[in-house]
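Peer 1: After the structure tokens below, expect a handful of questions from me.
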Amino acid sequence: MESAFGENGGVCALRLHISLRLFIMQLQPELLRHRQSVPALPPCDSEDKLKRKKVSTIVLAALIALTLAFIWAHSMRSIPASRAESLGVLARVRPFLEFFVGKGNATDHLVRKLAHFLEFGALGAEFVILIAARKHIVICLFFGFAAAAADETIQIFYHRGSQVRDVLLDFAGCCAGMLFAGLLAWLIRAVRRRKDSRRPPAAP
């Protein structure tokens, strides 16, 4: 009896297997047509954000490298060449500077110091956009001070002299640029939040 039950059970299992195979073979064309009719899903938003973040990081890093190259290249110039360049700039911006410092007080020395302050301000803004977005403001300050110290060190090797107050001036410019970029980013976020709050809620 057990052998008969085993034979019957094996036959039933075989018939069930064959039936399932035939059923799957009949479903395959339908599944294929359904797969072809389903539209392709759009790329994931998170992947797009990662790609944009990677591209922006590369662009900012390249911009920082170019800014440092510009600053340090000017520090390698000789004193006569640097003075001639400052006098040329002074001739163009003298009326603007004298409006703030008084007539006769605009000098090439003032132009050089302002140029350093603005250069390091731009560098600080770039640092804060690249690094502070990751909540590492201390790293921004460290790199800003390191860049200012390196700039004055370069001037020693090109016989232009180096002073601690110049390092502090450059670092102050870097901090001013960081502050400006931080305030601008905060203002942009505030405007976006205000627009989002006025936007009507999406329909369910």
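The values are calculated or read from the model by the stated rules, or taken from the named source; none is laboratory data. Small disclaimer: the values here were computed from a predicted structure and weren't measured. Please note: Cβ atoms are built from the backbone with ideal geometry, for glycine as well, and neighbour counts cover all protein chains shown.
Peer 1: If you go through the stretch 97-130 one residue at a time, how many are among the β-branched types (Val, Ile, Thr) and under 20 Å from TRP72 (Cβ atoms)?
Peer 2: 1
Peer 1: One residue is enough: does the stretch 152-163 have a residue meeting the conditions of a type outside the set (Asp, Glu), surrounded by 15 or more Cβ atoms within 10 Å (Cβ to Cβ) and assigned to a helix (DSSP H, G or I)?
Peer 2: The answer is yes, given that some residue of the stretch 152-163 is of a type outside the set (Asp, Glu), surrounded by 15 or more Cβ atoms within 10 Å (Cβ to Cβ) and assigned to a helix (DSSP H, G or I).
Peer 1: Another question, then. Do we find a residue being part of a helix (DSSP H, G or I) and closer than 18 Å to PHE180 by Cβ anywhere in the stretch 81-101?
Peer 2: Within the stretch 81-101 (the criterion being part of a helix (DSSP H, G or I) and closer than 18 Å to PHE180 by Cβ), the answer is no, since none of the residues qualifies.
Peer 1: For the stretch 137-151, which residues satisfy the criterion of being within 20 Å of the chain's Cα centre (by Cα), without any contact (Cβ under 8 Å) to a residue 24 or more places away in the chain and surrounded by 14 or more Cβ atoms within 10 Å (Cβ to Cβ)?
Peer 2: Hits for the stretch 137-151 are ILE139, PHE143.
Peer 1: Residue check: is ALA125 at pLDDT 90 or above, exposed (fewer than 12 other Cβ atoms within 10 Å of the Cβ) and not charged (D, E, K, R)?
Peer 2: It is false that ALA125 is at pLDDT 90 or above, exposed (fewer than 12 other Cβ atoms within 10 Å of the Cβ) and not charged (D, E, K, R).
Peer 1: A follow-up question, please. One residue is enough: does the stretch 112-119 have a residue meeting the conditions out of contact with any helix residue (DSSP H, G or I) (no Cβ under 9 Å at 6 or more places or on another chain), without any contact (Cβ under 8 Å) to a residue 40 or more places away in the chain and surrounded by fewer than 21 Cβ atoms within 10 Å (Cβ to Cβ)?
Peer 2: Within the stretch 112-119 (the criterion being out of contact with any helix residue (DSSP H, G or I) (no Cβ under 9 Å at 6 or more places or on another chain), without any contact (Cβ under 8 Å) to a residue 40 or more places away in the chain and surrounded by fewer than 21 Cβ atoms within 10 Å (Cβ to Cβ)), the answer is no, since none of the residues qualifies.
Peer 1: Which of the residues belonging to the stretch 147-162 are under 17 Å from PHE70 (Cβ atoms) and among the hydrophobic types (A, V, I, L, M, F, W, C)?
Peer 2: Of everything in the stretch 147-162, those that are under 17 Å from PHE70 (Cβ atoms) and among the hydrophobic types (A, V, I, L, M, F, W, C) turn out to be ALA147, ALA148, ALA150, ILE154.
Peer 1: Continuing with the same structure: Take the residues of the stretch 159-181 that are more than 13 Å from GLY121 (Cβ to Cβ) and charged (D, E, K, R): which is modelled with the lowest pLDDT?
Peer 2: Only one residue tops the list, namely ARG160.
Peer 1: Please work out if PHE100 is free of Cβ contacts under 8 Å to residues at least 12 places away in the same chain, of a type in the set (Phe, Trp, Tyr), loosely packed, with under 15 Cβ neighbours inside 10 Å and farther than 14 Å from ARG160 by Cβ.
Peer 2: yes
Peer 1: Inside the stretch 182-204, can you point out the residues that are crowded, with 17+ Cβ neighbours inside 10 Å and either polar (S, T, N, Q) or at pLDDT 90 or above (or both)?
Peer 2: Answer for the stretch 182-204, where residues must be crowded, with 17+ Cβ neighbours inside 10 Å and either polar (S, T, N, Q) or at pLDDT 90 or above (or both): there is none.
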